[in-house]
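Here is the structure we will look at, set down as structure tokens.
The values are calculated or read from the model by the stated rules, or taken from the named source; none is laboratory data. Just so you know, these numbers come straight off a predicted model, no measurement behind them. Here Cβ is always computed from backbone atoms with ideal geometry, including for glycine, and neighbour counts include all displayed protein chains. Surface accessibility is based on the protein's heavy atoms, side chains included, excluding ligands, DNA and RNA. Shrake-Rupley method; radii C 1.70, N 1.55, O 1.52, S 1.80 Å.
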Amino acid sequence: MLPFSLLLGIFLTSVAVLSLEISLTRLLSVAQWHHFAFMVVSMALLGFGASGSFLASFPSLLNREIWQTLPLASWLFSFSTLTAYLISNFIPFDMARISWDRWQLFYVFLYYLVFSVPFFFAGLAISSALARWSGLAGKLYFADLSGAALGCLLVLALFRIFGGTGALIFSALLGALASLAFGWKRKTSYLLSFFQWTWVGLLLFLLFWPPSILSLRLSPYKGLSAALLFPGARLLETRWNAFSRIDVLESPVARTAPGLSLEYLDPLPPQLGLTMDADRLSPITRFPGKGHEQQAFRFIEFLPSSFPYQIITPGRVLIFEPMGGLEVLNALYHEAKEIVAVEINPTVVELLQGSYREYSGGIYLGEKTRVVVGDGRSFVRGDPPPFDLIVLPLTESMAASSTGLSSLHEDYRLTTEAFRDYLKALKPGGVIFVNLYLLPPPRGELRLVSLAKDALEKEGKEPNQHLLAFRSLGTFNLLITKDAVGPKETEALRAFCRKLRFDLVYYPKMNEEEANVYNRFAVPIYYHGVQRVLKEGENFYAVYPFELSPATDDRPFFHHYFRWGHLPEIYRLAGEKWQILVEGGYLVPVVFFLAFALSFLFIVLPLFLGQRRDKTQKIRGAQQAPWLAYFAALGLGFMFVEICLMQKFILFLGHPVYSVSLVIFSTLIFAGMGSRISLRIDPEASIRLKQILLILIGFLIFYALLLPTILFLFQGKPLLFRQVVTIIVISPLGLLMGMPFPLGIRLIGGRWPIGVPWAWCVNGCASVLGSILPVIIALALGFQVVFFLAALIYGVGLLIVWKSLR
């Protein structure tokens, strides 16, 4: 019988660990340009693996008083969480500088090690308990996984209440409470109790009154940091929610209109800046009052996004993620009869409908405007009435786009399946308008054309008859028409570009002499590129130095253009500088090799330190390797499945945070149930374990083949309904994946006691690699392949069991 205080301590430790993991991903999103979830997860699992290696290398520690080890380990987790955050704020790691500052590779390593320390101490507490009570591993694993499941949901509420740093402090507080729980109803010195409660009090004080030293250090290259450097700039408001930090600021640089023609010489109207995760600066334009709109907003006529209104009658307009509302103003200025603005971030809507309603003229509350909080793909699949115009505004910042920092960002708005959805949502004569920042040499611009080409072909249309393209000084603009482009649209585009001195890129039967007239390159590279995409297709993609093949829902990395096979040519195009390597997800292989080296070290360390002193085990020599490989297969396979599920459900649930939190919650809570159920299975009856693994492999193959189809059927349903579907779909996988690990621990616990922490180490280290490898594989081959590989890895585990337990 396990003491309640032990299960409570394990539970609170796991809640703290998952809260810390998700807090770190959010803090990295704000401080850098990406959540680097793969790096955070690998740091956590590496810390867990290191704890198992430590116990296996020094087995005498397992003979110490367990009720002293557990409170100390959980308190050290709490202390090191806050310490690691403070140290990290002084490490000059900056993703933007990795392209020219080679010291950044060292800082990545340092950052990695610093944040692995808290997870080491948390893993030490859990692995010590598993080694001490291996026969009841099912109960311990259930407490561990159910705590982790709660942690990934709890942290979502913490961001809104305490902000990003507050959520991290709360994780440290949970660790301190775990330390108290482990010592509950046990004799401890008054000094130790005083010290523990004083630490809890300090963390509570920091939670509600955080000093400036705990403020998050932002990259100086992020839009918010740069905007606040201007004279007179000031931050007006900051709000956090589960998946973003929203800032409103006043700054000269906040007055912006992307792609504005140089023919516009008047000043822009007053504007405030709105940023998401300290970047993606979007203007909130001041409404001048009734009767003055036309003159104040005349600049809109000089924007590239005003052109679609020249060739359609703007009845119904759909705008994705309008942020500060510039494209909503555009539609209102051109007298659209109905505007549907689909904004994924509820805090943006709250600000525009609340604090800044009067400043913005209430554009999010107007009679013609309907604001929908959600993601555009789910909205379109909900079968709304058709639209005359669908607008996809700029969503990436210029800095992130130009440096390739968004290359790891999945973008389900820009996939073949998405464009097919948009085409089906148009009225006859309708138009899709998309624009990107202009970033030579051509990459994203040509990939956008290839995407439109693929979608049009799959809809049975001739791509070269349904596209129009032009460029301003800073943006590339593409129109995809429901019906074939006619002389009216062609002449309207030529007149528009002539008036505003924009450069034509493509219209049907366009002559080369019309391209590259105003903002000139040495040769008309965009005209040539678009022509080759439309005429040569796959043959052109194969020889072009950058990745141009259409992004799909299975490979949703539209902004990932790098191709390792064309490295010399890319290096030459970049002026023999290595900055452009960042576009290849450069940090992914760096972190992978770092994690691989450290994992290998932790796995082999017990061979030289712990194992030769252990003379009592029944599993020896050559018998040990297969069991370690078994636990490695479980760790690798579990992470492959979890990463795949998180990615697949991003589109289904509408946002990465919804997907990560609900997938991890569902997987862990049902894995915990599976672990608890496994107590009823005799581990010595090996046929049961073989059956479980065989059924799991069958489910994985089934999901790899049919999961996209299942999710497609429910894509347009309300969010709550989709969340319930998510839990139901994941539940059988979670139950099955939760059984093999505790059954394996029970099998080796009585025969090879020192093997328990070593198995924990190997499982954790394999999970480290399993959190990174799927990203590398999916960039090249897609997530369906990762699913099949997960089935293969569990198949290896089944083979080991089959040979070891005959």
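Exceeding 28 Å between C-alpha atoms, which entries from my cross-link table qualify? They are 337/488; 453/509; 222/499; 368/509; 427/458; 499/535.
Details: 337/488 23 Å; 453/509 16 Å; 222/499 34 Å; 368/509 38 Å; 427/458 18 Å; 499/535 30 Å.
Among 337/488; 453/509; 222/499; 368/509; 427/458; 499/535, the Cα-Cα distance tops 28 Å for 222/499; 368/509; 499/535.
Legend: calculated FRET efficiency, residue 702 to residue 113, from the Cβ-Cβ distance at R0 = 41 Å, rounded to 0.05, equals 0.50. Only the Cβ atoms of Lys and Arg (+1) and of Asp and Glu (-1) were treated as charged; on that basis the dipole of the chain about its Cα centre amounts to roughly 2500 debye. Mind checking the angle between helix 783-804 and the chain's longest principal axis? C-alpha axes, 0 to 90 degrees, to the nearest 10. The two axes meet at around 10 degrees.
Under the rule of at least 5 residues apart or a separate chain, name every residue whose amide H is placed under 5 Å from the amide H of residue 427. Amide H neighbours of residue 427: 387, 388.
Along the chain, counting only chymotrypsin sites (Phe, Trp or Tyr not before Pro) with a DSSP assignment other than H, G, I, E or B and at most 11 other Cβ atoms inside a 10 Å radius, the longest segment between sites is 101-806. Residue separation of residue 2 and residue 494 scaled by 0.36 nm, minus their Cα-Cα distance, works out to 169.3 nm of gained length.
Computed extension length for residue 600-residue 357: 81.8 nm, one decimal, from 0.36 nm per residue of separation with the Cα-Cα distance subtracted.
Straight-line cross-link partners of residue 424 among the aspartates and glutamates, defined as a Cα under 18 Å from its Cα and at least 8 positions apart when in the same chain: 375, 383, 388, 454, 457, 459, 462, 483, 553. Computed from backbone phi, the HN-Hα couplings of segment 76-88 come to 5, 4, 4, 5, 6, 4, 5, 5, 4, 5, 4, 5, 4 Hz, rounded to whole numbers (Karplus: 6.51 cos²θ - 1.76 cosθ + 1.60, θ = phi - 60°; Gly and Pro given as x). Note on residue 720 and residue 102: their simple-model spin labels are 5.8 nm apart, each label 7 Å out from Cα toward Cβ. Measuring nothing but protein heavy atoms, the accessible surface of segment 76-205 at 1.4 Å probe radius is 74 percent carbon and sulfur.
Remark: segment 436-544 projects, on average over all directions, an area of 6.5 nm² (convex hull of Cα atoms). The mean of 1/r over all pairs of different alpha-carbon atoms in segment 302-353, once inverted, gives a Kirkwood hydrodynamic radius of 11.6 Å. When shorter helices are ignored and each DSSP H run of at least 4 residues is given -39500 (n - 2.57), the per-residue value for the chain at 222 nm works out to -19000 deg cm²/dmol. Take the Cα coordinates of segment 254-383, assign each an equal point scatterer, and use the Debye formula without solvent to give log10 I(q)/I(0) at q = 0.15, 0.20 Å⁻¹. Evaluating at q = 0.15, 0.20 Å⁻¹ gives log10 I(q)/I(0) of -0.70, -1.29.
Placing +1 on the Cβ of every Lys and Arg and -1 on the Cβ of every Asp and Glu, with nothing else charged, gives segment 294-394 a dipole about its Cα centre of roughly 100 debye.
Mark the label point 7 Å from the Cα of residue 367 along Cα→Cβ and return the residues of segment 327-346 whose backbone N is within less than 19 Å of it. Hits in segment 327-346 for residue 367 at 19 Å: 329-341. Magnitude of the charge dipole for segment 60-169, about its Cα centre and with charges confined to Cβ atoms of Lys, Arg (+1) and Asp, Glu (-1), is about 100 debye. Per residue, the solvent-accessible area of the chain (1.4 Å probe, heavy atoms of protein chains only, all protein chains present) comes to 38 Å².
For segment 701-806, the ratio of Cα radius of gyration to the globular rule of thumb 2.2 N^0.38 Å stands at 1.34.
Think of segment 117-260 as a dipole: +1 on every Lys or Arg Cβ, -1 on every Asp or Glu Cβ, centred on the Cα centre; then among 182, 169, 215, 182 lies furthest on the positive end. Given R0 = 30 Å, the distance between the Cβ atoms of residue 777 and residue 535 translates into a calculated FRET efficiency of 0.40. Considering the options 666, 433, 390, tell which one lies farthest towards the positive end of the dipole of the chain, charges being +1 on Lys and Arg and -1 on Asp and Glu at the Cβ, about the Cα centre. Looking along the dipole axis, the top candidate is 666. Among 316, 494, the order of accessible area from largest down is 494, 316, computed with a 1.4 Å probe on protein heavy atoms. Segment 657-698 has equivalent-ellipsoid semi-axes of 26, 13, 5 Å, by the square roots of 5 times the alpha carbon gyration tensor eigenvalues, sorted largest first. Across the options 530, 17, 602, the greatest Cα extent toward the positive end of the charge dipole of the chain (unit charges at beta carbon of Lys, Arg, Asp, Glu) belongs to 602. Given a Förster radius of 56 Å and the C-beta distance between residue 420 and residue 213 as r, what FRET efficiency does 1/(1 + (r/R0)^6) yield to the nearest 0.05? Plugging the Cβ-Cβ distance into 1/(1 + (r/R0)^6) gives 0.65. Principal-axis analysis of the Cα atoms of the chain puts helix 755-781 at an angle of about 20° to the longest axis.
Ranking 420, 722 by solvent-accessible area of protein heavy atoms (1.4 Å probe, all protein chains present), from largest to smallest, gives 420, 722. In terms of its Cα atoms, the chain spans 87, 55, 51 Å along the principal axes, sorted from long to short.
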